[in-house]
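Worksheet for the structure shown next.
The values are calculated or read from the model by the stated rules, or taken from the named source; none is laboratory data. Just so it is clear, the model here is predicted, and its values are computed rather than measured. FYI the Cβ positions are ideal-geometry reconstructions off the backbone, even for glycines, and counts take in every protein chain you see. Side chains included, ligands, DNA and RNA excluded: accessible areas come from the protein's heavy atoms. Shrake-Rupley method; radii C 1.70, N 1.55, O 1.52, S 1.80 Å.
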Amino acid sequence: MQSFTPRQLPTYEHLLAALEQECQAFRESLDTRRVSNSASSLQPRELTEQPGGFEVFRQVFSTEIAPQLSASNGGRYWGFVTGGANPVATYADWLVTLYNQNVSKGGDSVASQVERQAIKWITELFELPAVFDGVMTTGATAANVLGAMTARQEIGRKQGIDVAKVGCKELEYTVFAATPHASMVKALGLAGLGQESWVQVACEPNIEAMDTTDLARKLADCRGTGKIVIASAATVTGTDYDDLVRVAQLCRQHQAWLHVDGAFGIFERLLAGPQGKTQGIELADSITLDCHKWLNVPYDCGVFLTRHPHTLFATCNVDAPYLANTEEAFPFMSLGIENSRRFRALPVWATLLAYGKQGIKAQIQRNVAQAATLANWIDASPAYELVKACELNVVVFSASAANAHDTEALLAQLNESGQVFMTPGRWQGSPVIRCAFSNWRTEQRDVELAISELFRLAN
Ligand SMILES: Cc1ncc(COP(=O)(O)O)c(C=O)c1O
């Protein structure tokens with residue numbers, strides 16, 4: 001009978017041998033397995049009274065689970081904004097599990113210093129001022145939650161309210177946004193600011209970027225003292241960037257907190273530098289970015305940065321005597337949502353160390369070139385309409401009037417082919433197909449395969 005008794009568990013040698021076989025099977029299947037699996041189903045199975053043992057799990061995983069998993073870690077999964085897990089980060093992530101550190105605070109191992117250094121390297125990678133500090137999160141959604149909560153804490157401070165301590169019943173606030181990501185809207189709800197109570201700022205004509213004249217007007221009209229502006233760099237469908245220099249100027253003028261969601265769009269900074277489309281992000285009060293998107297580390301890994309770490313601390317402070325915070329025992333649990341935390345910084349640290357700024361930039365460039373190849377083909381094809389010029393890694397298109405399909409049916413057929421995976425979106429009220437390139441595995445031949453599939457469907 002198996003139990004959690006060390007001697008009865010499989011040895012690391014046994015686990016490694018099994019993992020080697022699993023890796024081999026995964027690698028061999030990646031080119032041939034369906035990219036997505038909408039018809040997947042798990043057999044009903046009773047919870048067993050007696051232990052099944054490791055070999056039973058292995059057998060069930062390889063016959064029932066693995067064949068039904070998507071190829072989201074492969075080169076032709078272009079839904080949402082999905083990064084692949086690069087090999088170095090994959091290895092680092094295995095080590096994270098092997099060592100299983102709890103990075104809730106420093107003082108018992110070097111893990112917290114690795115996270116501190118990874119955060120510093122991230123700010124250097126994106127050429128952000130050294131004043132930015134922060135914490136690794138489970139993803140951009142969690143970073144957006146921290147953005148909303150830290151902003152709330154700061155506007156509370158200005159009104160003499162310690163929101164973390166007494167709540168936000170008396171808080172007076174107004175949130176302004178133009179095209180916030182759905183996760184940002186969720187974050188506003190979680191922070192008690194309301195999913196539906198933000199002020200809609202107009203967009204520039206035909207794009208999703210904020211109309212800053214409208215923002216200026218709305219900020220000036222707002223009589224309250226608690227103002228929060230949510231900006232995008234970039235929007236998830238149109239890849240549109242708010243004019244962050246102007247938005248930051250307005251925020252300074254009206255004492256508004258500026259949170260910028262740069263989940264994947266901040267990576268444009270590696271190509272164009274600080275004067276590109278992200279110019280002004282360095283003036284934000286807080287920034288969200290995702291490492292499990294374009295840095296290609298495994299899920300779950302986002303980053304929350306702020307130039308007000310003390311406010312973040314006041315927001316998340318955990319007050320328990322056995323958790324004494326000192327400089328050596330760096331208090332990550334008082335800078336984020338969780339107390340117990342995975343050592344998710346290691347794959348980021350490993351990626352930055354192994355690939356360097358140039359290696360990461362080269363990967364971004366490859367994905368941008370792949371998106372351009374697909375966008376150019378779509379633009380030239382009578383069967384499809386390129387809905388918006390592709391300037392980064394997201395191609396947005398629909399079926400043209402000459403195509404017998406409607407766009408939603410076309411997307412369903414495309415995904416049903418199992419060759420590629422894209423996701424739906426809406427552009428100016430109409431359905432579109434979004435195709436986002438952010439995986440290190442994608443090659444030109446993958447784009448060609450997508451093109452031939454689109455050609456086949458159109459004919
Ligand atoms: C702009 C933006 N913000 C936030 C998110 C949410 O990211 P996550 O799923 O990592 O929480 C996304 C995901 O696509 C995004 O594109």
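Before moving on, here are some points about what is shown:
- Cβ-Cβ contacts under 9 Å between residues 6 or more apart (or on different chains), taken from a first residue in region 184-198 that is over 10 Å from Y173 (Cβ atoms) to a second residue that is among the charged types (D, E, K, R) and within 12 Å of the ligand (Cβ to nearest atom), are listed as M184/D261; Q195/K186.
- Yes/no for T278 being more than 16 Å from the ligand (Cβ to nearest atom), within 19 Å of the chain's Cα centre (by Cα) and not hydrophobic (A, V, I, L, M, F, W, C): no
- Considering (1) open to solvent by 10 Å² or more (accessible area, probe 1.4 Å); (2) touching a residue at least 60 places away in the same chain (Cβ under 8 Å), the lone condition that Y241 does not fulfil carries the number (2).
- Verdict on R441 being under 20 Å from the mean Cα position of the chain (by Cα), crowded, with 23+ Cβ neighbours inside 10 Å and not in a helix (DSSP H, G or I): no
- Apart from one condition, G418 fits all of (1) within 17 Å of F264 (Cβ to Cβ); (2) in contact (Cβ under 8 Å) with a residue 60 or more places away in the chain; (3) outside any helix (DSSP H, G or I); the exception is (1).
- Subset of region 155-166 (residues that are open to solvent by 20 Å² or more (accessible area, probe 1.4 Å) and touching a residue at least 12 places away in the same chain (Cβ under 8 Å)): R157, K158, Q159, D162, A164
- Considering A151, A164, the condition of being closer than 28 Å to P274 by Cβ, over 19 Å from the mean Cα position of the chain (by Cα) and not in a loop (DSSP other than H, G, I, E, B) is satisfied by A151 alone.
- First in region 276-288 and closer than 20 Å to Q255 by Cα and assigned by TED's automatic domain parsing to the domain that holds F126, second anywhere and open to solvent by 40 Å² or more (accessible area, probe 1.4 Å) and basic (K, R), Cβ under 7 Å, 6 or more apart: D285/R307
- Test for A380: is it outside the structural domain of T32 (by TED's automatic domain parsing), buried (at least 19 other Cβ atoms within 10 Å of the Cβ) and more than 30 Å from D290 (Cα to Cα): no
- Under the condition of being assigned to a helix (DSSP H, G or I), closer than 28 Å to D290 by Cα and of a type outside the set (S, T, N, Q), the residues counted in region 38-82 number 2.
- The residue that is nearest to Q428 (Cα to Cα), counting only those in region 389-403 that are among the aliphatic types (A, V, I, L, M) and modelled with pLDDT of 95 or more, is V396.
- Screening L215, L188 for residues that are surrounded by 21 or more Cβ atoms within 10 Å (Cβ to Cβ), in contact with a Phe, Trp or Tyr (Cβ under 8 Å, 6 or more places away or on another chain), assigned by TED's automatic domain parsing to the domain that holds V236 and closer than 16 Å to G147 by Cα leaves exactly one candidate, L188.
- The sole residue among A371, A402 that is in contact (Cβ under 8 Å) with a residue 12 or more places away in the chain, within 30 Å of D31 (Cβ to Cβ) and either among the aliphatic types (A, V, I, L, M) or not in a helix (DSSP H, G or I) (or both) is A371.
- Single residue of region 289-311 satisfying the filter (within 8 Å of the ligand (Cβ to nearest atom) and open to solvent by less than 40 Å² (accessible area, probe 1.4 Å)) that is nearest to G134 (Cα to Cα): G302
- Pair list, Cβ < 8 Å and 6+ apart or interchain, from region 245-270 residues that are in the same structural domain as A143 (by TED's automatic domain parsing) and in a loop (DSSP other than H, G, I, E, B) to residues that are away from the ligand (no atom under 16 Å from the Cβ) and not aliphatic (A, V, I, L, M): H254/C222; H254/K227; Q255/K158; Q255/T225; Q255/K227
- Being within 16 Å of the ligand (Cβ to nearest atom), open to solvent by 10 Å² or more (accessible area, probe 1.4 Å), over 18 Å from A284 (Cβ atoms) and part of a loop (DSSP other than H, G, I, E, B) is a condition met by at least one residue of region 134-148.
- Check on E28, open to solvent by 70 Å² or more (accessible area, probe 1.4 Å) and acidic (D, E): yes
- As a summary of the residue check, G273 satisfies the conditions (1) in a helix (DSSP H, G or I); (2) within 16 Å of the ligand (Cβ to nearest atom); (3) not hydrophobic (A, V, I, L, M, F, W, C) except for the one numbered (2).
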